[in-house]
Structures are given as C-alpha cells and as structure tokens.
1. Condition first: aliphatic (A, V, I, L, M), within 18 Å of A192 (Cβ to Cβ) and in contact with a helix residue (DSSP H, G or I) (Cβ under 7 Å, 6 or more places away or on another chain). Now tell me which residues in the stretch 126-153 satisfy that.
2. If you check every pair at least six apart or on different chains, which have Cβ atoms under 8 Å apart with a residue in the stretch 104-125 that is under 11 Å from Y145 (Cβ atoms) first and a residue that is among the small types (G, A, S) and at pLDDT 90 or above second?
3. Limited to the stretch 269-296, what total is found for residues that are outside any loop (DSSP other than H, G, I, E, B) and out of contact with any Gly (no Cβ under 9 Å at 6 or more places or on another chain)?
4. So, V204, is that one surrounded by fewer than 19 Cβ atoms within 10 Å (Cβ to Cβ), at negative phi and modelled with pLDDT under 75 or not?
5. Could you give me the residue pairs with C-beta distances under 9 Å whose first residue belongs to the stretch 258-274 and is outside the structural domain of F239 (by TED's automatic domain parsing), whose second residue is crowded, with 16+ Cβ neighbours inside 10 Å and of a type outside the set (D, E, K, R) wherever it lies, and which are 6+ apart or on separate chains?
6. So, in the stretch 226-236, exactly how many residues are exposed (fewer than 15 other Cβ atoms within 10 Å of the Cβ) and either within 16 Å of K278 (Cβ to Cβ) or at pLDDT below 75 (or both)?
Amino acid sequence: MWIYLPAVIALLIKFVIIYKRYDILMLPGISRYFIALLVTLTIANIVELLGYPYFHLVETLPDVMTFFLKIYYVTLIFLFSFLLQITIAIVRRKSSFRFSIPNLTLAVLFSCFMFATDLFVSGVESIGYTITRVPGEYYYVFQIYALVMLFSSIGVCIYGYFSAGNHYSKIQCTYVILSVVMMSTPIFLAMAAMSLGMRVNAAVILPIGVSLFLIILTYALNAKGIYNLRVWIPGTQMFKLYLSLHKEFMIYPDGTNLTAKERNQRNEKRFLIEALIKADGNQGQAARNLNISQSSMSVKRKFYKI
C-alpha cells in the first residue's frame, strides 16, 4: 500500500546515515546527541511500519496496541529533547550539562507518565488503514511540550545565528533552522487536524518531514560526503575511492595476520584514500592536505593502485 512508502524510504535513509556515520565530522558533544537522535528516529520508524498492518488488532488486543502506540509517543518525547540539545551544542560549540540534565530528566519523567497512566493517551482506535490515538484528559500537555521544544530549538538557532562570530556558524544555524522547520511542518499539520476532530495518524506524513530533517541536519553538521551523488554511481572516481576504502576494512578489519610493514602500508593507503575523498578526488589538494608533493602523491597512488 502507498502509505508504507514514506516510512520505508525514511527507514532506508536512516540506515544510510547510520552506515555513513563515520563520515560525519562533528563535535563530540553534538555527536553523542546526534547518534541518540538517529537511534530514536529509527525506533519510531520501525514502530510506524509495524503499526500499519496490525490495525485490525485494535478490537482484540487494545491494551497491547495502546502500549505499542505509547512507545511511539515516547520516541517523539526524546526526539524533541535530543534535538534541543543538538541546537544548544551547535550554538555553544560544546555539550552543556547545565541544560542537558533538566532537559533529559523532564523527558524521562514525561515518558514514565506516558506509560504508567492514561493521562496523555488513553487508548487506540482503527481508522481503516492504520491506527490513531484516543487522547487522554491531558493530551494537550504533550502538544504544548512538543511545540515548546520545537520553537525552543528554532529560537536557540536564531540566537546562534545573530551571535555567531563567523560566516560558517551562521550558515550552520540557518541549515539547522531549515531542518527543524521541515520536521515541524507535518507535526503542526497533524496537531491542527486532530484539534479539529479529524481522525489522522501523524505517522503517515511525519516520515517525510523527518527524512528532510535528517538530510538537511547531517549536511549542516558537515556530512557533505554522504550526499555526493558520485559516491553511489558505479565507475566514477569517488565510487572507486569509497569502494577501495571499504575493501581495506572488509579484508583485514582489524589488521590481523599482517606484518608491521603491511600494516603501515595499509594505514598509509587508507590515509591517501581518505585525503582524496575529502579533496573530492583532487590529487593536488589531497597532496597539500597531507603536506607532500603532488609527484609523491602520484607515485604513491600508482604503488597502491588507487
């Protein structure tokens, strides 16, 4: 069915980013929250896909399906929390425990209340092709929490844009704002539809916004290599470089059974390939980055058959 398509595409995008996570160059404080965000979104995506085909179990297993849906809401709670931490870390250029402790504590407490009570989600119902929540007495508190966290993330980035001391930081904040807006739009639309009494499932449209959010966010965090189309086109130089790089680790992942000389040569070859990838295949630029002459670079490429 067509409703599966956005969630399937979103899941594939997450798998690509997880596979290419080592190509994402970011500060350690941002990296931790980004990986946590990515794992959280992957769990939410899997819950989305599992929820579509079993909507008919609402009548026979209402408690199980309600618990299943609450897991999805918990992933959203932590999504908003990790997103705010990422924006704070980008602006401050480091991780901040001053903000992370109360932020994550609130997310944990909110999640506990979500599971232990029916105050936010009291049940689940079928809408013909999937399931949706039956709002609890205080469901609006979840909506307020989501809006506050999203607008706070945007506000932090706007502050970072105007207080940034260099052009790169301004561009980075701009991309993060754009990514949050992309994800927020379907969330706002779903909330508006639910407020009007419409029976909708945000999981049908949310994967589209989340996919755009992840693509733009990883680009903002200096992950341009992921979106270099030549990496995925067989026969291009970038494709061959990436293939050569991964072959080194597939054949000898930990350097076992290699002599010291072979291990040094393997490391040198890896450095050369990584330098060429970062230089977008430009041999002269790669040589300058490695602080060697272009002729030496050419000789080494022939020796290692790069």
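1. A146, M149, L150
2. Pairs found: L106/S81; A107/S81.
3. Matching residues across the stretch 269-296 total 17.
4. no
5. Sorted first by the residue in the stretch 258-274, then by its partner, the list stays empty.
6. Final tally of qualifying residues: 4.
The values are calculated or read from the model by the stated rules, or taken from the named source; none is laboratory data. All of these numbers come straight from a predicted model, not from anything done at the bench. Reconstructed Cβ throughout: ideal geometry from the backbone, glycine too, with neighbour counts over all protein chains shown.
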